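Okay, so here's the structure we're looking at.
The values are calculated or read from the model by the stated rules, or taken from the named source; none is laboratory data. Please read these numbers as outputs of a predicted model, since none were measured by experiment. Glycine gets a Cβ as well: all are built from the backbone with ideal geometry, and neighbour counts include every protein chain shown. SASA here: full protein model, heavy atoms, side chains in, ligands and nucleic acids out. Shrake-Rupley method; radii C 1.70, N 1.55, O 1.52, S 1.80 Å.
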Amino acid sequence: MNNVNDLLHSPEGLKSYLPDKAEVFFHLKERIEEIFKTWGYRPIITPMLEYYDSLLLGMEQKTKKDFYKIIDYEGNILALRPEMTAPIARTVSNRMEELNLPVRLSYYAPVFRYDSPQMGKNREIFQLGVEFIGKNSFADIEIIILLIEALKNTGLKGFKIDLSHTKYIEGILDNKEINENIKAEIKNYLIQRNYVALKNYLASNALDTDLFLKRGGIEIITDVEKKVNNESSLLALKELRTVYENVKEYGLEDYISFDLGLIRGLGYYTGLIFEGFTNNLGYTICGGGRYDNLVEKYSARKVPAVGFAIGLERVRLALEKKELEFINNKNKIKLLFSREGKKRLFKFLSNIQDLNLIFEIDENKFIDKKLIDNYRKQRFNKMILFKDKEIELFDLASEKRFTLYNQEELINKL
Amino acid sequence: MNKLVTALPKGRLLSPVIESLQKAGLISKELDIDLISRKLVFNDKKNNSFLLAKPKDVPAYVEHGAADIGITGKDVIEENERNIYELLDLGYGECNLVVAVPADSGIKTIYDIPEHSRVASSYPNISENFFKKNGIQVELIYLNGSVELAPQVGISDFIVDISSSGKTLAKNDLIPIAEIIKSSARLIVNNVSYKTRHNEIIELVNRINNGRNNDAGNQVS
């Protein structure tokens, strides 16, 4: 760190966004939050740092190394939150008497994961998500519909949500003849997506591979319903079917598919689980599920819950390859003034609050070719020059120049 | 639908991989291996696209979605710990990742290895996990290749490296004392491609399997 140039860099996996990207980023965030708000999800803010032990309560031990840790003055180990579900479950447990369960919560939060170096991964992840905490028979359905509506509202097309259920595979493995180590290995291979080892394992334990690795449309649910014979798996399939049928009734079934081999790694899920993806991005863009035992770990009160998180950067990447021009269509105007024209400019500014303009002010005496080229590059639509006696308007799209003498004339032209 | 992009491993695995993909119909039969092995990217007649990468780099291309599928050794997959699907054991390119010690060291099993011994390897993650699991504390020296040289020149006490026939080890007076993993070529798939191109990929897996079974049949007859 002695070199001055090194000090200009951000730490690995962390980065700054310049306005061109940040603008898109916040636009997408607003589009998603708009839907959360409409559906009655109210924002919650939790601290960036939590006690390390508190975060671990909810998670599997092997996620340990993915935490950024800090030791405070008293010697406590704190960690940057690696996701929002555990901090929200903790907060809700701690403040339950102030909240009226069931409660619908939403968040926008940077979370931090200390991935191994040189893997090309972002370590600061901007998440938008919701948690539905409390009893409600409709919650799973609402959460899936909400997720689809929120993604649709960003302009994303052709995405899919893969549904699965933790109790489906647990049901198949809940068999006294299968030894506990083997069960753990099978789950491990499913999480690691190591289907070579998984198939060998299943075959040597006389389990049907086909039951574990089914993916496709609703027809695969019908298909496996005929093959499994334990209650837990059948109940899981029934729950998946109910979600599907409701989403279909709502009219969004084209966004749904099933992947019964899907297991999400975090370790706290207890029912429906899902993740979303699009054709043009090699990473999943969102994920979530039901976690009925997590709140209990903090409060000793059993409170069911379900939620999801959307990776904002991944939504941006999925859209970037298509078009994102919709953001820059706003009326962006360069306002110029000569010293004598400043008064006219100020009067104009006090009259335009309702016009929804974006403007930028500079002092300048005339509009010449160099200025025109420059502002066109910066995607301005119009230039207006306030002078002593008149107002000059130059439309950058049509290349027409107008000379105007009063404010009304000018406002009509915008 | 976009074309399917496959990451292929350069080097000793390349010709068996191309042969099996030709049998499976992913690559056309007329393709000249000598010609393409000098390229980085090529398109086949069937409008499929291929990247040629070092075997060690194949998982990175697949994880980040630059390639939908890839083929590389299990040793590499294990060392990288990437977030990908491992769908098929292709059965060729077999080798073992072994712990090997100088023949004159008197070490017979890994438990004879003295504490804080130095081990040279191109597989630091696998080696570290292996010794940790067995409760043996070692110091790792990462080397890119020719790992057999390290004990001879005294920079390490023993090595962890791949061995297919054991000849290279023997030539360098090294004897294997433990096998860490058995490796062979694997078909790996990007997490999203597994979902979006599922049928296409499963069909390919089946065709590769059929190609192999036919071979086995031919050998018998």
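Averaged across A:274-281, how many Cβ atoms of other chains sit within 10 Å of each residue's Cβ atom?
3
Taking a straight line from the alpha carbon of B:K39, these aspartates and glutamates sit under 17 Å away, with near neighbours fewer than eight places off in the same chain left out: B:E30, B:D57. When the residues A:E149, B:E30, A:E409, A:E249 are ordered by accessible surface, computed with a 1.4 Å probe over the protein chains alone, the sequence from largest down reads A:E249, B:E30, A:E409, A:E149. Once the gyration tensor of the Cα atoms in region A:332-413 is diagonalised, the equivalent ellipsoid follows with semi-axes of 18, 15, 12 Å, ordered largest first. Burial here means at least 30 square angstrom less accessible surface with every protein chain in place than with the chain by itself, probed at 1.4 Å; in region A:170-202 the buried residues are A:R193, A:N194, A:Y195, A:V196. For region B:1-102, the antiparallel share of DSSP beta bridges with both residues in that region comes to about 30%.
In the context of the full protein assembly, B:K23 retains an accessible surface of approximately 90 Å², using a probe radius of 1.4 Å and ignoring ligands and nucleic acids. Sorting B:T6, A:T38 by solvent-accessible area of protein heavy atoms yields A:T38, B:T6, largest first, with a 1.4 Å probe.
Distance distribution note for the protein assembly as shown: the fraction of Cα pairs above 39 angstrom is 46%. Computed from Cα atoms, the angle from the helix B:198-220 axis to the main principal axis of chain B rounds to 70 degrees.
Within the assembled protein chains, the solvent-accessible surface assigned to B:H116 is about 90 Å², based on a 1.4 Å probe.
Quick one: net charge around B:S49, please, counting Lys, Arg +1 and Asp, Glu -1 for every other residue with C-beta under 15 Å from its C-beta.
+2
Cross-link partners for A:K387 among the lysines, with Cα-Cα distance under 26 Å and sequence neighbours closer than 8 places in the same chain left out: A:K330, A:K332, A:K334, A:K342, A:K343, A:K347, A:K365, A:K369, A:K370, A:K377, A:K400, A:K413. For region B:66-221, the share of alpha carbon pairs falling in successive 5 Å distance bins from zero is 2, 9, 16, 17, 15, 11, 10, 9, 7, 4, 1, 0 percent.
Around A:N76, what is the net charge, scoring Lys/Arg as +1 and Asp/Glu as -1 over all other residues with Cβ under 13 Å from its Cβ?
Summing Lys/Arg as +1 and Asp/Glu as -1 gives -3.
Computed in the context of the full set of protein chains, the accessible area of the protein assembly as shown at 1.4 Å probe radius has 49% of its extent on carbon or sulfur.
Name the residue from A:G251, A:A184, A:T154 whose Cα lies farthest towards the positive end of the charge dipole of chain A, charges +1 on Cβ of Lys and Arg and -1 on Cβ of Asp and Glu. Of the candidates, A:T154 comes out farthest on the positive side. Comparing each chain alone with all protein chains together (probe 1.4 Å, DNA, RNA and ligands left out), the residues of region B:31-66 losing at least 30 Å² of accessible area are B:E63, B:H64.
Taking the Cα centre of the protein assembly as shown as reference, the dipole from Cβ charges on Lys and Arg (+1) and Asp and Glu (-1) amounts to some 1760 debye. Computed with a 1.4 Å probe on the full set of protein chains, the accessible area for B:Y92 sits at about 40 Å². Ordering A:F348, A:I169, A:Y298 by the projection of their Cα atoms onto the charge dipole of chain A, which places +1 on the Cβ of Lys and Arg and -1 on the Cβ of Asp and Glu, puts A:F348 at the extreme positive end.
As a size descriptor, the averaged projected area of the C-alpha convex hull of region A:4-321 was calculated at 19.0 nm².
Run through the DSSP bridge list for region A:327-414 and note the antiparallel percent, rounded to the nearest 5. Antiparallel bridges: around 45 percent, rounded to the nearest 5. Pairs over the 21 Å Cα-Cα cut-off, from the set A:K69/A:K183; A:K160/A:K248; A:K214/B:K74; A:K187/A:K302; B:K132/B:K182: A:K69/A:K183; A:K214/B:K74; A:K187/A:K302.
Counting only Cβ charges, +1 for Lys and Arg and -1 for Asp and Glu, the dipole size of region B:17-104 around its Cα centre is about 480 debye. Each semi-axis of the equivalent ellipsoid for region A:270-414 is √(5λ) with λ an eigenvalue of the Cα gyration tensor; in descending order they amount to 53, 20, 11 Å. The long axis of helix A:231-250 is offset from the longest Cα principal axis of chain A by roughly 30 degrees.
Of B:D173, B:D57, the order by accessible heavy-atom surface (1.4 Å probe, DNA, RNA and ligands excluded), from most exposed downward, is B:D173, B:D57. Taking a Cβ cut-off of under 15 Å around A:L404, the surrounding Lys, Arg, Asp and Glu residues balance to a net charge of +2, with basic ones at +1 and acidic ones at -1.
Within 10 Å of each Cβ in A:212-223, how many Cβ atoms from other chains are there, averaged over the peptide?
1
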